[in-house]
Every structure is written in C-alpha cells, then in structure tokens.
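Structure first, then comments.
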Amino acid sequence: MEKLIISEQDIINAVCVYISRKKQIRPEEVEVELMYDDYGFSAEVYTDGRKQVLITANLIEALRLWLEEYMHRDPYAGITLVLDDEDGIIAQVNQ
C-alpha cells in the first residue's frame with residue numbers, strides 16, 4: 001500500500017491552522033516547534049506570548065484537518081508520525 005508523506009513544514013502549517021481555529025486568530029500569529037523525546041511526538045505552540053504544549057493526539061487531529069481541507073483526502077486514513085534522519089518529523093498517511 002502506497003503512503004502519502006506529509007513534510008515537517010506541512011505538519012507545522014497544519015498545527016498553525018488548527019490552533020488558529022481554536023483561538024480564533026490568524027495562522028500567521030502562531031509559532032510552532034515540533035519535538036520528539038522519550039515521551040514521543042509533541043509540539044510547543046506560541047500565541048500571543050503564551051506557550052502551549054500539544055501531544056501526539058493533538059498533532060494527529062491537526063493533520064486530519066489538514067488532510068480534509070487542504071489536501072482533499074480521507075482525514076481518517078491511518079496517520080503515523082515518524083522521526084526521519086534526513087527530513088525531520090514527517091507524517092505517513094495510508095492511502
């Protein structure tokens with residue numbers, strides 16, 4: 001089965017859109033830093049001088065929004081976050 005790859009930049013864009021909808025601000029007002037550590041994947045999100053930490057489930061939710069609205073794909077396809085040596089944090093989506 002072929003997998004769709006979502007780049008690190010598109011994951012960041014997805015989180016920006018996701019947070020902007022939740023906080024009713026523009027996506028440009030959101031800063032995102034993706035992370036991977038002993039606890040798995042997460043992101044630090046900065047808006048209006050405040051920091052918020054998103055866990056893996058939040059990142060998947062943001063990617064589902066991105067898949068449906070921007071890529072016109074099935075948002076409930078299997079999404080797996082991967083730490084790639086060359087490309088950083090990417091998402092693989094089963095098609």
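CYS16 passes every criterion in (1) crowded, with 19+ Cβ neighbours inside 10 Å; (2) in contact (Cβ under 8 Å) with a residue 24 or more places away in the chain; (3) in contact with an Asp or Glu (Cβ under 9 Å, 6 or more places away or on another chain) apart from (2).
Mind counting the residues in the stretch 1-36 that are within 20 Å of LEU83 (Cα to Cα), more than 13 Å from the chain's Cα centre (by Cα) and assigned to a loop (DSSP other than H, G, I, E, B)? Total meeting the criteria: 1.
Summed over the stretch 37-58, the residues that are in contact with a helix residue (DSSP H, G or I) (Cβ under 8 Å, 6 or more places away or on another chain) and either surrounded by 12 or more Cβ atoms within 10 Å (Cβ to Cβ) or under 18 Å from THR80 (Cα atoms) (or both) give a count of 9. If you go through the stretch 47-66 and pick out every residue that is touching a residue at least 40 places away in the same chain (Cβ under 8 Å) and either more than 14 Å from ILE12 (Cα to Cα) or hydrophobic (A, V, I, L, M, F, W, C) (or both), you end up with 5. Suppose we filter LEU83, LEU67 for residues that are among the hydrophobic types (A, V, I, L, M, F, W, C) and surrounded by 14 or more Cβ atoms within 10 Å (Cβ to Cβ); which single one remains? Checking each option against the conditions leaves just LEU67.
Could you tell me whether ALA91 is under 14 Å from ILE6 (Cβ atoms), assigned to a loop (DSSP other than H, G, I, E, B) and in contact with a strand residue (DSSP E or B) (Cβ under 6 Å, 6 or more places away or on another chain)? Don't jump to the end; show me each part of the working.
Values: under 14 Å from ILE6 (Cβ atoms): yes; assigned to a loop (DSSP other than H, G, I, E, B): no; in contact with a strand residue (DSSP E or B) (Cβ under 6 Å, 6 or more places away or on another chain): yes.
Judged against the criteria, ALA91 is not a match.
Values in this text are rule-based calculations from the coordinates and carry no lab data. This structure is a prediction, so every number in the text was calculated from the model and none was measured. So basically every Cβ, Gly included, is an ideal-geometry build from the backbone, and we count neighbours across all protein chains shown.
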